[in-house]
Structure formats: structure tokens, C-alpha cells
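Written out below as C-alpha cells is the structure these notes cover.
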Amino acid sequence: MMGINKQKSIIPDTPLTLIKDIQNNMNNITVMCIVLDVNPAVPLKDNHEVRTVKVADSSASINFSVWDEAGAILFPGDIIRIHRAYAIYFRNCLTLYVGKNGEIEKIGDFIMTFSESINMSEVNLNAPPPLPPPGANGNTISNTRRTGAGKQNVKPNTFKGNNGKSGPRSQMRPERK
Amino acid sequence: MAAQQQNQVKLFTYSAIERKDEIEEKYERCYQTLQSLTAGLNDREYHDALTSHISKDKSQEEVVSLGLLTAVLLDAKNAEKTYRDLTLLSRDGLQSVIAHLQQFTLEKWSRLLDGSRKQLLWLIREMVHNNIAGVDNLCWNLMRNAAGGDISSTNIALIEYLLDLYQDNRKWLERYPWLIASVVYSFLRFIEDHTSLIPLRNREVAFTISLLRDRFTDCLVIGRDLIRLLQNVSRIPEVETLWKDLLHNPQSLSPSLTNGVIQILETRTSRRFLQSRLTPDMERKLVFFTSSVRFGHHKRYQEWFQNKYLNTPEAQSLRSDLIRFIVGLIHPTNELLCSDIIPRWAVIGWLITTCTSNIALANAKMALFYDWICYDPKHDNIMNIEPAILVMLNSLRIHPTVTASLLDFLCRIITNFYPAQTERIRTGIFVSLQQILDKRVLASLVPLFTNPRIDSELRTIIQNTFREFCDPPAIQGGDSIKNDDLMDNMLLSLKEELVAETDDISFSDEETETSPKKIVNLENSIPIVKPASAKVKLKERNLLPEDLDIEALETLNHELRLETETLYFKKDNERKCESMEKIVQLIVQDDEMYPDMIAALGSCLACLLKNQIEEKIFPAVLNDDAFEDSIGKPLFVMFRSLTQFTEDDSRRLQLLSLLAEMRTHQTRIGYLLLYFLQVNNVINNNADRKMNNGIKSYIYKEFCETQEIELNDCLLSDLQLCQEDDTSMFCWLIPNVYNQFPKIVVGNEDFLHLVVSAIDGSQIQEIICSIVQGKLNMFRSDAVPSLATSSLNWETIEQYFFWQLVSAHDVDIKVILSNITKLDYNSHSETLTNILLMLKKEKPTLELLKPILCREIKPLNDQFVISVISSWYLEHGDSVANLVSQLLISRCPVVSPTKRKRGQGQGLGSRGGVAPPSAERILGHMERIRSRGTCPVMFRAEGMQKALQIAQAACTDTQRMLFSNLFQLLEEDEPHAPTTNKNSTVGKGRGRKAAPTFSNSNKRNAKSVIKDLSESSEESSEEEEVIKPRQTKKRRKINTVASDSD
């Protein structure tokens, strides 16, 4: 997705969020996980495609929606770090996305334990309705919105690179044809 | 400029989502420093600049040499010059460069770009040429990257490079004995893989064999796996020649080889060689897999490993390498053995069961047993032989075929592995087995070697081969332990005994092992049992029952485990029931529970509930309260939950598979489930007659389906066990079983036999009462003949019970009579007696008479027909005589000597046996009745007289003679057919006068009429026609004899 030549100022030791702690509307989180399943690509308009990838860490598993090229080079067993990810409900399933300035980084394969016992993307019929599009400062607010305060590991300074651009939430939610 | 340089520094391949790693960044920095130092300088300035830079600061030395190294890897054009600079500038004889390259060749090889790979190989070649110290280690590392079971072009290219390198630098190579051994070991493996790459293989063979022949002594350090690999390629002619020398003249290869092949087989393989056949990546993954992945969560890892390394046909040979690695190098610590991490046997079981090639499979089995064949407790490690026995033991349950094939293999290798040394191999294997027992890996081999899941033929072979290990051990306290319990019994002791080989966990050679010698020392060091873990174990053992499969318990997740333990520890029954309820909840909620977890839970529950399962459950007094009390135990809580789901609720399936699993440990579960269902039904019915749910017998059906056992077999074995354990419960269950599973049990001889073999007097009374009341139907009348036939082999009392049941069922006597002819008076006495008693009560009819008279007339003591007819005669008088005569007349052909046609009425058709009986046979029976004299009056009956006359008229001469005594009973004034006159008169006279004196002919009659009848009957009718012309002559002859006797 993001070329390696693009020098990024992503702090390597961003605190990780455990998948079991991921909640609706969480934003700007870093998740380290292992790929379990890569579902077939679903073509979208404008030559985009999206894949649902099941990922897991030691705490739980979740569906991760991957756009375009990155999905094609992800394979089961790959260990990845997802930088600047966010989570929202999509069709009643809590789903993880890469933010607009986020990145998927492959850091290895196979050598990671995981747990499938909790699936965060289980259908939740009581899923809250999607939020209205966030404001200009949506990032910081959405961090605390509707999520249990104190559960967030994200440091405020993580967002410096964002410069108040529209937050990751502005990314289109995938629409299947 | 800078950007250009940056692009040039690219050593590794990346996908779009991978980032540069630290090593590359470091190389890149050094390279850039170097560039900035030397930019625009000519050769001489260049050299001076670098020298002065290094002299300024010692730390810069590394920067410069790394920069130059990177330059060599990146720039092929100037590589030679750069390498020269590198050697000139280095003050440590390139040791720092070598140190960097160690890591590079071992870990980064797979990710190097093609160009950089070529450069690295070039560099190593140069260093070999220059005989740089330490390059032998680089070669070894590089060789590890040449994977076994991989014939992709990049891998082949690497192997070719290595072959060229060693061939071109043979002198150099021969200075490193351990490298020679490694090269031989690796290339023997490559040869095995390269059957389709003949030119390469021929080169490899030539090189390896010459190395072996020249330097065999150096190769001895490999140990027994040298022989293993040589066996795998023994078909190649050059190898075959080597084998001949090895077998017949070993000292020509190496003077120290005094004991030939056996000497090599007795040497434990050094780990370094086993390790060398796994690429660093495989090793890392396998070590992680066996040290961190929990049992039950291993499926995906297996899949990933399989997809990456084991999916192609040529990759199957890798399985042996992996097994040897696991057996020889992965020696888990005590802590690991106690944890829920996947055990080694499970990994090996997976490698064996997923193998797609037969040759590779055989080699894999060999690899598994390779440390057994010449096992020596002094030098070998129990951990090397433990996986094989545990694979066999633990596969019994789910993959009995794996166990069987391994056991078969083990038996065969004793004689086939090395026929000339059969005794040595046998000793090795016996010592291994003994060691397994001594170290308490297993408490006994009996449950494995005599397990009923193994086909009986193989069991016989095993018992002949390992007789010493097949006798049941003396068990203290005289407690006989059932097979299934023993299975669990065997695993627990393993952990305390096994050695904590802490040094063994470091598999990867980050700290490169310096020499094989050192490793051997390490391996032989005295095992240290960690005191802490041993203490924990002891504590656990005191609390939990001895035969509990601790490993299984530890597989369970925390919550489940807690409840399971509560179930055992709490004394209070209610509390136990609560735990059971919770367990059920946990199982039902988690619909993705792994089968292994279910298996583990099943094993634990079966063990912990053992006391409850085995105690007497059936109440002494039969009333609702007693029944309700009897199902108040935790086990029944589980059953109850099963009944509470609706039929289409799939959540039951988990519970059912748990039950199925428990049944493999505790076979009593089956009938207890039946009992519970029935009790539940009784209580429900009594409590609320309107709400009659019917008994939920479908649950039992599903229970069988889950176990993949036919309902029929399952029910039979459950009832059998119940019958053995508790006959009163059995009898109580019987009516229910017959009503619930009519399709299966009604009329089934196995079930019937089970019933009659179990019951006693009062129980048959109960059953008969139920039958008579119409509540129970055990067979339909049409099944009776076949049941009666099968009952012939039963015990006398069983047969009598059976006939009691037949009587109770109101079976039509005609049905029973259908196979009356097949019953033998002497051997089927029970059946015939009972039929006789039944017939006695019947009124005689033609229909009954026909089959009875069809019976054969022999043997002499057969009184069946006589008894039946006599009893009827006593009861019903002449009506019997009339029936007999009626039958006789109907069976006699109309006699009219002139009109007799061929093919019709040839005497009295003697071919009897099927209804209706032939006249000859009727006469035969009459004759016997007559000779017995039980009812002489019967023959005087008018009808009888007439019938006898007709019969006499229709008789052939032989027959007439046979029945002469019978025909004498005809009243004298009756008209005789002229032809018979003489004969009958003679007979008559004899009958009256000579009978008491037992004249010759009379004797003949008495003795052999029957014999003649039965024996001659077949031929007589045919013979007759042929004989006819001579009839008179013959008759005269007989007469002569008769008169002589007078």
C-alpha cells in the first residue's frame, strides 16, 4: 500500500492496542496481529477492490478490511503491524480499517501466538448507528467518544503528523456492489 | 547524487508492505559514509583516505569494512578491487567481515536480491581461495539454506554452486573434517531429492562417494543417520558398491570401523547434522511451533507450514528430516511437558498422517524409529525414543491405523532392517521398550500391544514378537484395571521422569557450536530434575486421581479446568452437580470448541467421574423416588441437559461428542444414557400423563452417530456391558429397548441371546409377564425359524428360556415346523424337546403331520416322530391313524401294473425330506412305531389297514421286503396282491414265530431296515429301473436266504 521509500515518521514503539480492547469508533490505534484468512477480493467502483482479512493477536480476532494492493500481498500466517487504524461497525460487525495516513507493515510470519476464542467481528444486532462525519478535529474527540475512557493507549502526540486533516473516518466505507 | 546512491543500496527484496530492516539500514549507513569519504578520489587517495580514517577512530574500522562489504555485494563490476581493498585494510584477517557474514548467510539469505546473492557467493568463493579463517563456517551456514525436498531453480543453483565450490577446492575442504561430514550428510540428502536431475545427481554421487571413500573416518562422526541416508540412496550403483564394502569389508573404508555397520548404528547422531537439514527459517518455525503453540490451536500453524514447505511431491522427503530434528533436538523441559503446548508426538503424528508418498512415508517411519534399533541407555537419550511410543499410543483413539502401521513397522524392522544382525536389532528395540517402562514413559505396554482396536492378525504378530511386554503387569491391590483406564494411566508419569534438559532449548546456533565433541558432552551430562517442578507435580498427584490424564486436563481452558477439578474435589453432591451444569454451559456456549478440547475434557470427566459411573446405580426398590434419586448424580446432569434441547437444536452436538469421547474411556456411559432416558420417561409419565413426551430415544441414536458406530452395534455392546455389570438394570431396560428400537432389536438373534443368557428365573418371569400382557414383543413369528436355528448353539438353559419366550409369544406351530427336518435328535435335543411339548398340545392335523413325517428316519435312537404320533394317538385316538393313512394313501401312486408308466410311480417315491413326505418315509416311521410297540392298536384301524394295503401294492420288491414286518400287520383275510403273497407269507410266519428268537433275517430287519431306508433311498428309485429285468432273479435269491434261515 504505502511504498517503502516514503519515509514515514511513524514512531516504531507506538503502544499497541490489543484486539479485545478495540471498540467502535476507536481511532489512530496500532495493532500487531497475524493474518488468519484472506477472503476473495470484492471489486468496488473506480478500480478499487477490498478484501476482508481475519486477523488475530493474543487476545482476540477481528475482521480487517484491506483495500487494493495490500490485500493481494497479504497471506495467512503473515505478521503485520497496522499503524493508525480505526474501528467502526460495518453491517453490524465491528471492523478494523487502516486510516488514511495509516499503513500496514509486514514484520514477519508464523512466529506469533494468537487466540481465536473471541471474535470481535461477531454480528452485533445492537450495533450503534454510524456517527455523523467527524469535525475538523475529529481525531482527538473520536478517541474518547463512546469508548471507555482510560482504555485508550494512544498518546496525543501520535497525531502530530495529521495536522488536522480530515481524520481516518473520512475514508469511504466500503460499499459492495 | 544522494538520491541515486540511496537507490543503489538495496540488498533485500521487499514486498510493498515491508520495510527496510535494521541490518540493511546499518549497511546502508556504512556504505554512505564510505561513499562520502571517497567521493571523487583516485585510487591512491582513496586508499590513503580510508587508512587515515580508520586510524583516527577504531570504531570507524567496522564502518569502513561494512561499507566495503556492502560495495562488494552491490557492485559486481568493481567487486574485485573492492575486495582487495577490504583485505588490505582489514587488520584482523577479515574476521569482523566474517562475523557479519555469518548472520547474513544464515538469516538473510532468503531475502537477498539475486544480484547480491551472486556477489555473496562470489565473495565466499574468493575467501575460500584465499583460505580466510572462518569461511568454513560460512559454507556450513550457506549449505543450510540449500533446502531438502526443494528442486526449485534457485535452490538447485545454490546446490550446484556448493558442489562446484567443494569440488574446485577439495584440498581446502579436506582440512575441515567436520565440514566434510556435513557436506557428505547434506549431499546424500540432495542425491535423494535429485532423481529427476540426472546430470547433477551423477556429479553429486561421484563427488560424495569419493569423499566418503577417501575420508570415511571423518564421516563416522555423523553417527547412525549416515547409515539412514545411505540406505535411502542405496539403489544407485556407486552407493551399492560402497554398501558392499561397508557390509563385507568395513575396515577397508576406515581402520577404526571394527564392528562395521553396527558400530555406526550404535553412534548417536550429532545434533549438528540433524539440524543442518532444516533451513534456518524452518528451524525457527518448528522450534516456535513446538515451544509456544498450544495444543488445540495448532491447526493453522500446521497448515501454514505445510503450505510453505510440504506441499509438493518432491518435498515429502523433508518429513524424515523434520522428524529426525524433532526426535533428536527438540527435547522439551519439564515445564513445557506439563504445559498445554503441543506435544512432540502430535507434531510427528501430523507429519506422518499428511505424507503423500509411500516411499517418503516408509522413510519417515524409519526416521521415527531410528534411535530404537541400536538403543543404548548409556549413550542415548530417552527423549529420542519417547516420541515414537507416544505417537503409537495417542493415535490409537483417533487414528488407530497409524498406530497399527507403526507397530507393524516396528515388528518388521527387527528381521528386515539388517537380517544379518537380527538379534542385535531385536536387543536394541527390546532395550528401548524396557527403557520406556523403566523411565515410566508408559507404565505398561500391554494396553498398546493388546489393544482391541488393532486388528487381531497384527496383534498376534505383536504378541509373538514382544511376548515379554504383552503379559499384564502385576497390579498392586489386586485392582484390575480396564484397558481404557490404563490408557490414561500411562501418560502421567512421563513428566516427572523426563529430564529437564535446559541446554537443549537453544536450538538455533546463535552461539555457533564449536565442535561436535562439545555437543556430545553436553548431551551426556547427568540429567537434572528441577526440584521446583517435581514438587508441584507431587502435590498435584496427591490430589487428583492417579490415572487422570494430566496433559488432557491442562489442555482445558482455565474455566473448564476449574469446574472439572471442582467436580472431583467437592464432596457435596449438589455442588458437584452445579459444576457439571457449568461445564455443560461452557461447552454449549462455545460452539467452536476444538475436538482436542472435547477429547481432553472427555478423558478427564470419564476419569474423575469414574467412581460414580462404576457404583451401583439401579435402585433396590423400584418406585419414582428411588428412580429420581438414582439419577441425581453429576453425570446425569449432563444427560438431562441433552434432553432439554429440542431435537433441532444443534448445540447438543458438542455435548454428544463429549459423551462419545467419554464412552471411549468409560464404556458404561452408553447404558447409563439408556437408563437415564428410560427413568426420565418413567418419571415424566407418572408425573404428568398428559404431557407424554415419549422417550427421547433419538438422543441415543445421535449418540451412536456421533461415535460413528452403528446403532445396532452400539446398543448391543452397551447392553452387553450392562448385563455384565448389573443384571437387574439390564432386565429393567430390556422391555424399553425392545419398544424403542423395534427395527433393530425385535427379532435380532444377538439381542435375544443377550437376554436369555443374562436372566434368571424371576427375570424370565417378568419378561414373560410383559409379553403375555402385550407390553413387549421380542420377535415376530416369522423370525422364529431362523432364531431357532441360531439358538441351536446356545447353552441348554438359554435355549429353554428361548422356547419359553416362543411359547409366550403365541407363535403358530406351523411356522416352527418349517425346519423340523433339519434338527438332529442327538445334538439339538433342547429344541426338539420343546417342539415336541408344543406339538403334544396341538390337535393333530394333516398340515402338522406332513412336516413331521418328513424327518429322516435315522438315527436309530430318534424317538421324535414316534413320540409325537404316540402322544397324539393316546390323546386323540384313531384320528391320528386316519390322518397317517390318509397321507400314506395320497402319497402312494395308483397301482395298476399294466398301466404303469415310466417316470411315474416308481415304487414309493423315496426322495423325501421336503413336505409332503414320501410314502416310503411314512412307512419307515410306521415301521419304527410298530417295532417300538407304543401303539399297536393304531395299525388295526380300518383306514390304516387300507392304506397299508395300497402301499404294499405300490411297493417295489425291495421296499416290500423292508417293510415286511409292517405289512404283516395287515389282517390275514385281506386280499393280497398275488406278487407279494409269497413274500408276505414268509414274513408273516417269521413275524409270528421267529420274532422272539431273533432269527438272522429278523435281526437284519430290526437292525438295518432304517439303515437301508435312509441309505438306499437315494439310489433305489433309480436303480430300480435298471435292475428291473433281473428282478425275479434277485427276489429268488433273497427268498433263498430267507428260507435258509428258517
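Details
- Shape call, segment B:324-474: gyration tensor on alpha carbons, a/c limit 1.5: rounded
- Inter-chain neighbour count for B:16-28: the average number of beta-carbon atoms from partner chains within 10 Å of each residue's beta-carbon is 4.
- FRET efficiency for B:N819 and B:T460, using Cβ-Cβ distance with R0 set to 25 Å, rounded to 0.05: 0.10
- Average Cα contact separation per residue, segment B:26-73, under 8 Å, 6 or more apart, as relative contact order %: 59
- Placing dummy labels 7 Å off each Cα toward the beta-carbon, the span from B:S807 to B:N169 is 10.1 nm.
- The slack between B:F12 and B:R91, meaning 0.36 nm per residue of separation minus the straight C-alpha distance, is 25.6 nm.
- Under a 5 Å amide H cut-off, with hydrogens placed 1.01 Å from N, B:I341 pairs with B:F295 among residues at least 5 apart or on other chains.
- Close amide H partners of A:F64, meaning residues 5 or more places away or on another chain with modelled amide H under 5 Å apart, are A:V53, A:K54, A:V55, A:L96.
- Cα gyration tensor, segment B:556-722 - rounded (a/c under 1.5), prolate or oblate: rounded
- Summary of packing: across the peptides B:362-374, B:244-256, B:781-793, the per-residue average of other C-beta atoms within 10 Å ranks them, highest first, as B:362-374, B:781-793, B:244-256.
- Listed cross-link partners B:K299/B:K439; A:K54/B:K582; A:K106/B:K299; A:K54/B:K10; B:K26/B:K171; B:K582/B:K701 are compared with a 29 Å cut-off, the Cα-Cα value being larger for B:K299/B:K439; A:K54/B:K582; A:K54/B:K10; B:K26/B:K171.
- Relative contact order, whole percent, for segment B:725-783 stands at 47, derived from Cα pairs under 8 Å and 6 or more residues apart.
- Mean separation of Cα contacts under 8 Å, 6 or more apart, over the residue count of segment B:746-842: relative contact order %: 32
- Calculated FRET value between B:A420 and B:N358, using beta carbons and R₀ = 30 Å, to 0.05: 0.70
- Label zone (B:D760, point 7 Å along Cα-to-C-beta; backbone nitrogen cut-off 17 Å) within segment B:713-735: B:723-733.
- Karplus 3J(HN,Hα) series, Hz, for segment B:301-317 with 6.51 cos²θ - 1.76 cosθ + 1.60 (x for Gly, Pro): 5, 4, 4, 5, 5, 4, 5, 7, 10, 10, 8, 8, x, 6, 6, 5, 5
- Computed FRET value (nearest 0.05) for A:L44 with A:L125, which takes r as the C-beta separation and R₀ as 30 Å: 0.70
- Tensor-based shape of segment B:2-226 (alpha-carbon gyration tensor, a/c under 1.5 rounded, otherwise prolate or oblate): prolate
- Where the alpha-carbon atoms of segment B:726-787 are placed on the principal axes, they occupy 29, 23, 20 Å, in descending order.
- Computed over segment B:673-829, the convex hull of the alpha-carbon atoms projects to a mean area of 10.1 nm².
- When every Cα-Cα distance of segment B:281-349 is counted in 5 angstrom steps from zero, the calculated P(r) takes the values 3, 16, 29, 28, 16, 6, 2, 0 percent.
- Extension gain, B:K570 back to B:E468 (0.36 nm per residue minus Cα-Cα distance, nm): 32.5 nm
- Taking the C-alpha atoms of segment B:286-408, convex hull volume expressed per residue in Å³: 105
- Contour minus Cα-Cα distance for B:T845 and B:D782 (0.36 nm per residue): 20.6 nm
- Shown in residue order for segment B:720-736 are the 3J(HN,Hα) couplings computed by the Karplus curve 6.51 cos²θ - 1.76 cosθ + 1.60 at θ = phi - 60°: 4, 5, 4, 4, 5, 7, 8, 5, 5, 5, 4, 5, 6, 6, 3, x, 5 Hz (x for Gly and Pro).
- For segment B:79-112, backbone nitrogen atoms closer than 17 Å to the point 7 Å from B:S36 Cα along Cα-to-C-beta are found at no residue.
- In order through segment B:73-88: 3J(HN,Hα) via Karplus (6.51 cos²θ - 1.76 cosθ + 1.60), integer Hz, x for Gly, Pro: 5, 8, 10, 5, 4, 9, 4, 4, 5, 4, 4, 4, 4, 4, 5, 5
- Residues whose amide H falls under 5 Å from that of A:F90, counting only those 5 or more places apart or on a different chain, are A:T95, with hydrogens built in the peptide plane.
Since every read-out is calculated from the coordinates, none of them should be taken as a lab result. Worth saying up front: this structure is predicted, and the values here are computed from it rather than measured. Here the Cβ is made from the backbone with ideal geometry for all residues, glycine too, and neighbour counts use every protein chain on show.
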